[in-house]
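Engineer: There's a structure below that I have some questions on.
The values are calculated or read from the model by the stated rules, or taken from the named source; none is laboratory data. Quick caveat: nothing in here was measured; it's all calculated off a predicted structure. Cβ atoms come from the backbone with ideal geometry, glycine included; neighbour counts cover every protein chain shown. We work out accessible area using only protein heavy atoms, side chains counted, and drop any ligands, DNA or RNA first. Shrake-Rupley method; radii C 1.70, N 1.55, O 1.52, S 1.80 Å.
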Amino acid sequence: MREKGEHAFIRIEKDIREGRIPPAVLLCGTEEYLVHHYGKDLAVRFTGEAGRAIDLVRLERERVTFNDIVENMETMPLISERKVVCLPDFFDSKGKMPKAFEGKDDAAKLADYIAEMNDRNAGKNLSDMLLLMTAARQTDSRDETAVRRSAVYKAFGAEGVYDFDMLDDARLRGFIEKRFKAGGKQYRPGIVSLIVREGGYGNKNIDYGLFNLENDLKKIIAHSGGNPEILPDDVMSALTVNPENNIFAMIDAISRNRKDEAFRLLHNLLVDGSSEFQLLAMITKQLELMLETCELKESGLSLPAIQKELKKTEKVHEFRIRKALETGSRFGRRELRRILTSAYEVELNIKTGLMPAQLALEYFIAGI
């Protein structure tokens, strides 16, 4: 039995293990690393090495037609378990289908074809020897809604859509640990926590997913050299710099009455090339997240409920939500509102030339 709300990668692993991969599947979601990983895994799993050149077909998105799909799906595998027909990026980053399917007729025919393939009661036993594998690129919320409403998307059904969302805290840690073990490295729990805290994963304001994290982990392992254990210096020397983490650390230092540390972090950010307006925008976003978490807590929601709500509406990782609530609680809702108002005033003071940009930021920190 599938558990309600389980992550798509848990679902697909179960379905592979239990032989339940439908004849037509759609791999999609915010975590493109998993889309690519399982697309490759299914293709290799169902086609034998000897027959892969014939039994694995990749159709070109720009030229594919409905007839191309049907023609390739009507032939049985030569020696593989299944004939696999791949349609990469069927829905592009704007939520659009290939040109041939922009008209309603071909899109409707494809939707009917997919629905019939995935209908276990349709009597098409040969469909168990086929796999139509499509993928969709990550889209923004508005385009994602349009994709989900399309007849083609709906045709795959709940069983045929694997929607890979970002990993939660526990699975993110597992991802990191697995790669350290594969690299033959030892590590302490604090090292994994350091990467989760200082890395950019789950931050909606920067482009950082599992592809980026895996690359950073390779650099960390390489930096450790012949040392069997990963050390904090390996992490901090190789991890991709994320300015927003320093912004959060700066606000956290202020909440602990460590303004000397806050000024040092501000100076480092400016030296590294961040503009005053960029920093102010990041400060404002962090404060807004802190205020929102505090307001939700005061409304009676538990931390898991707050994480679920903001992960859904704001696309914020649960780890960042927890840290925002911890730091925000030190200020309190009323104080956070005052600080946010001051941040908005700082932007106005800079734009009107009332105060030099750097001085305005320093004055803002001093006044918190």
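Engineer: Give the residues of the stretch 315-340 that are surrounded by 15 or more Cβ atoms within 10 Å (Cβ to Cβ) and outside any helix (DSSP H, G or I), sorted by residue number.
Structural biologist: Residues satisfying the conditions are K315, V316, H317.
Engineer: May I ask you to list the residues in the stretch 325-365 that are out of contact with any Asp or Glu (no Cβ under 9 Å at 6 or more places or on another chain), over 15 Å from K285 (Cβ atoms) and of a type in the set (V, I, T)?
Structural biologist: Residues satisfying the conditions are T341, T352, I365.
Engineer: Checking the structure you have, find out if any residue of the stretch 349-364 is open to solvent by 20 Å² or more (accessible area, probe 1.4 Å), over 20 Å from E292 (Cβ atoms), touching a helix residue (DSSP H, G or I) at 6+ places or on another chain (Cβ under 8 Å) and charged (D, E, K, R).
Structural biologist: Yes, some residue in the stretch 349-364 is open to solvent by 20 Å² or more (accessible area, probe 1.4 Å), over 20 Å from E292 (Cβ atoms), touching a helix residue (DSSP H, G or I) at 6+ places or on another chain (Cβ under 8 Å) and charged (D, E, K, R).
Listed here are the residues, each with its yes/no results for (1) open to solvent by less than 30 Å² (accessible area, probe 1.4 Å); (2) assigned to a loop (DSSP other than H, G, I, E, B); (3) modelled with pLDDT of 90 or more.
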| position | (1), (2), (3) |
| --- | --- |
| R11 | no, no, yes |
| D15 | yes, no, yes |
| L27 | yes, no, yes |
| T30 | no, yes, no |
| V35 | yes, no, yes |
| Y38 | yes, no, yes |
| R45 | no, no, yes |
| E49 | no, yes, no |
| A53 | no, no, yes |
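Engineer: Is one or more of the residues making up the stretch 61-76 surrounded by fewer than 18 Cβ atoms within 10 Å (Cβ to Cβ), in contact (Cβ under 8 Å) with a residue 24 or more places away in the chain and either over 28 Å from K109 (Cα atoms) or in contact with a Phe, Trp or Tyr (Cβ under 6 Å, 6 or more places away or on another chain) (or both)?
Structural biologist: For the stretch 61-76, residues surrounded by fewer than 18 Cβ atoms within 10 Å (Cβ to Cβ), in contact (Cβ under 8 Å) with a residue 24 or more places away in the chain and either over 28 Å from K109 (Cα atoms) or in contact with a Phe, Trp or Tyr (Cβ under 6 Å, 6 or more places away or on another chain) (or both): absent.
Engineer: Could you please let me know if G174 is over 23 Å from L289 (Cβ atoms), touching a residue at least 12 places away in the same chain (Cβ under 8 Å), surrounded by fewer than 16 Cβ atoms within 10 Å (Cβ to Cβ) and out of contact with any strand residue (DSSP E or B) (no Cβ under 8 Å at 6 or more places or on another chain)?
Structural biologist: It is false that G174 is over 23 Å from L289 (Cβ atoms), touching a residue at least 12 places away in the same chain (Cβ under 8 Å), surrounded by fewer than 16 Cβ atoms within 10 Å (Cβ to Cβ) and out of contact with any strand residue (DSSP E or B) (no Cβ under 8 Å at 6 or more places or on another chain).
Engineer: Could you please find all residues in the stretch 316-360 being over 33 Å from the mean Cα position of the chain (by Cα) and of a type in the set (A, V, I, L, M, F, W, C)?
Structural biologist: L348, I350, L354, M355, A357, L359, A360 - these are the residues of the stretch 316-360 that are over 33 Å from the mean Cα position of the chain (by Cα) and of a type in the set (A, V, I, L, M, F, W, C).
Engineer: Then there's this: Quick one: which helices (runs of 4 or more DSSP H) lie wholly within the stretch 214-314 and hold at least 3 residues that are open to solvent by 70 Å² or more (accessible area, probe 1.4 Å) and free of Cβ contacts under 8 Å to residues at least 24 places away in the same chain?
Structural biologist: Ranges flagged: 259-271, 303-313.
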